[in-house]
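What follows is a set of notes on a single structure, which appears directly below.
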Amino acid sequence: MRLLITNIKQLCQVEIADGNKTRVSGRDMAVLPSIDNAWLIVESGRIHSFGEMRSLPETNADEVINADGCLVLPTWCDSHTHLVFAAPRDGEFVDRIKGRSYEEIARNGGGILNSARRLNKMSEQELYDQSLERLHNVMAQGTGAIEIKSGYGLCLEGELKMLRVIRRLKETSGIPVKASFLAAHAYPIEYKENKEAYIKLIIDEMLPVVAGEGLADYMDVFCEEGFFGVPATERLLEAGWKYGLKPKIHANQLHYSGGVQVGVKHNAISVDHLECVSEAEIAALKTGNTMPTLLPGAAFFLGMHYQPARKIIDAGLPVCLASDYNPGSCPSGNIPLLLSIACTQLKMTPEEAINAVTINGAAALELEMEMGTIKVGKKANLIITKKAPSLAYIPYDYGNSPILRVIFS
Ligand code: NIG
Ligand code: FE
């Protein structure tokens, strides 16, 4: 199957030089290489070739798309979601409007525990059907690779049910899906007075089964005051590593939890959230290769202060953006809307924001050799936008979908 796209107003995020671009950091984040008035050929699901219209070769194609006035980009790589869940939490949303905080709701058995109660009552098939619908929705908004976490089971059966659903989504959706094991998301009520027993349950009973069945790529921990502290996080990450599960953790969402430092120390692929970042976190990030991943959708929805993206980029570090799609803190996996929030609230430029959800998102999924840029040989998951005057128009036109068509290969 050969697809030819012609008259592309701007082919964005191209990679032409030899070598591999694996992530962009600091000042380089402001650069999004592109070709004006371009063509692109996809063959057998891979990017075959591309260039300027005046160099378009004579070629036969099974399908030709005239993208006159449109932009073409690589699909988004959403490296942090909790897309498998059983029910919305709109009641808590109203409680928060009336003044109760996210932490207060969680302390009183709501929040993650509320989601766990609902999930454990739902059949695997129904959970799969609902989750597939959500996945299809975000794919229609341009997501072409995704990470999905467990963490609403909080018991062996529930966690396995979630991870099996994620595996089925991986098999049926046709896009790359990575799974993170997040049993350390909250302490179930029955372990409230014996937290050590829950940590032991995760390490001694859940992890061997999850790893044995090959159900997870990553080990995640909600490292936060009132949830899992640094010593527990360290034990969990070390246990995950023994089974080959690399860390990818929730850090510094509500407080300076030490989560960034512990993630870097244990060679986490990414540390995610980062509402609370001081010089100490920046210094830690500079010593390693751990990707700082910001989730401004959660800060938006919880009405919290935003992540200091400028401080991180200006320190020469990379920034990744991800949705955090989940029923509590961010019930949306809409990346175009996330880009608008990143530009208006985090003061990222459109180029920086798009780098953050393409090549840096791919890096946070360990898919940087496959996705994240328009490069010959890479997987041809592509976004064709509606007619747009510029790249900046994507985050500018907020609340409206920029998508004309998404190509999944
Ligand atoms: O990333 N903060 C921890 N976990 C999720 C929220 C989970 C929930 O509220 O259901 C997050 O924001
Ligand atoms: Fe999250």
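Determine whether segment 249-259 contains at least one residue that is farther than 26 Å from LYS286 by Cα, in the same structural domain as MET291 (by TED's automatic domain parsing) and not small (Gly, Ala, Ser). The answer is no; no qualifying residue exists.
Among the residues making up segment 178-189, those that are under 12 Å from TYR218 (Cα atoms) and open to solvent by less than 20 Å² (accessible area, probe 1.4 Å) are ALA179, SER180, PHE181, LEU182, ALA183. Can you find, within segment 119-149, the residue that is nearest to ligand 2 (Cβ to nearest atom) among those that are within 12 Å of ALA86 (Cα to Cα) and in a loop (DSSP other than H, G, I, E, B)? Result: MET122. Every test in (1) on the phi < 0 side of the Ramachandran plot; (2) in contact with a Lys or Arg (Cβ under 9 Å, 6 or more places away or on another chain); (3) away from ligand 2 (no atom under 12 Å from the Cβ) is passed by PRO327 save one, and that test is (3).
Meeting the requirement of 1 or more residues that are within 16 Å of ligand 1 (Cβ to nearest atom) and under 24 Å from VAL84 (Cα atoms), the helices (runs of 4 or more DSSP H) wholly within segment 319-365 are 335-345, 359-364. What do you reckon, is GLY288 in a loop (DSSP other than H, G, I, E, B), more than 16 Å from ligand 2 (Cβ to nearest atom), under 19 Å from ARG23 (Cα atoms) and not aliphatic (A, V, I, L, M)? When the stated conditions are applied, GLY288 passes them. For ARG107, the conditions (1) under 23 Å from the mean Cα position of the chain (by Cα); (2) closer than 27 Å to LYS248 by Cβ; (3) exposed (fewer than 14 other Cβ atoms within 10 Å of the Cβ) all hold with the exception of (1). If only residues of segment 202-241 that are among the aliphatic types (A, V, I, L, M) and farther than 22 Å from ILE148 by Cα are counted, the one that is most open to solvent (accessible area, probe 1.4 Å) is VAL230. Taken together, the residues in segment 281-309 that are under 27 Å from SER101 (Cα atoms) and either outside the structural domain of SER180 (by TED's automatic domain parsing) or away from ligand 1 (no atom under 12 Å from the Cβ) (or both) amount to 8. Quickly run through segment 299-324 and pick out the residues that are more than 12 Å from the chain's Cα centre (by Cα), more than 16 Å from THR344 (Cβ to Cβ) and either within 16 Å of ligand 2 (Cβ to nearest atom) or of a type in the set (S, T, N, Q) (or both). Passing the criteria: only LEU302.
Could you list, in sequence order, the residues of segment 351-409 that are of a type in the set (D, E, K, R) and in contact (Cβ under 8 Å) with a residue 60 or more places away in the chain? Of everything in segment 351-409, those that are of a type in the set (D, E, K, R) and in contact (Cβ under 8 Å) with a residue 60 or more places away in the chain turn out to be GLU351, GLU352, GLU366, GLU368, GLU370, LYS375, LYS378, LYS379, LYS386, LYS387, ARG405. A single member of GLY91, GLY19 is without any contact (Cβ under 8 Å) to a residue 24 or more places away in the chain and either in the same structural domain as THR358 (by TED's automatic domain parsing) or in contact with a helix residue (DSSP H, G or I) (Cβ under 8 Å, 6 or more places away or on another chain) (or both), and it is GLY91.
None of ILE249, ILE282, ILE312 is out of contact with any strand residue (DSSP E or B) (no Cβ under 7 Å at 6 or more places or on another chain) and of a type in the set (A, V, I, L, M, F, W, C) except ILE282. When segment 366-405 is limited to residues that are among the hydroxyl-bearing types (Ser, Thr, Tyr) and part of a loop (DSSP other than H, G, I, E, B), the one that is least open to solvent (accessible area, probe 1.4 Å) turns out to be THR373. Is it true that some residue in segment 242-261 is open to solvent by less than 10 Å² (accessible area, probe 1.4 Å), β-branched (Val, Ile, Thr) and under 15 Å from the mean Cα position of the chain (by Cα)? Yes, the conditions are met somewhere in segment 242-261. Assessment of segment 197-216 against the conditions (under 20 Å from the mean Cα position of the chain (by Cα), within 24 Å of ALA363 (Cβ to Cβ), modelled with pLDDT of 95 or more and not acidic (Asp, Glu)) yields at least one matching residue. The set of residues in segment 89-104 being of a type outside the set (Asp, Glu) and within 16 Å of ligand 2 (Cβ to nearest atom) consists of ARG89, TYR102. Scanning for something small (Gly, Ala, Ser), more than 23 Å from PHE85 (Cβ to Cβ) and free of Cβ contacts under 8 Å to residues at least 60 places away in the same chain, does segment 295-318 turn up at least one residue? Scanning segment 295-318 turns up at least one residue that is small (Gly, Ala, Ser), more than 23 Å from PHE85 (Cβ to Cβ) and free of Cβ contacts under 8 Å to residues at least 60 places away in the same chain. When LEU32, LEU83, LEU40 are checked against the criterion of being assigned to a strand (DSSP E or B) and either outside the structural domain of PRO176 (by TED's automatic domain parsing) or in contact (Cβ under 8 Å) with a residue 40 or more places away in the chain (or both), a single residue qualifies: LEU40.
The values are calculated or read from the model by the stated rules, or taken from the named source; none is laboratory data. Treat the numbers as computed from the prediction; the structure is a model and nothing was measured. For neighbour counting, all protein chains shown are included, and Cβ atoms are generated from backbone atoms with ideal geometry for every residue, glycine included. These accessible areas exclude ligands, DNA and RNA; they are computed on the full protein's heavy atoms, side chains included. Shrake-Rupley method; radii C 1.70, N 1.55, O 1.52, S 1.80 Å.
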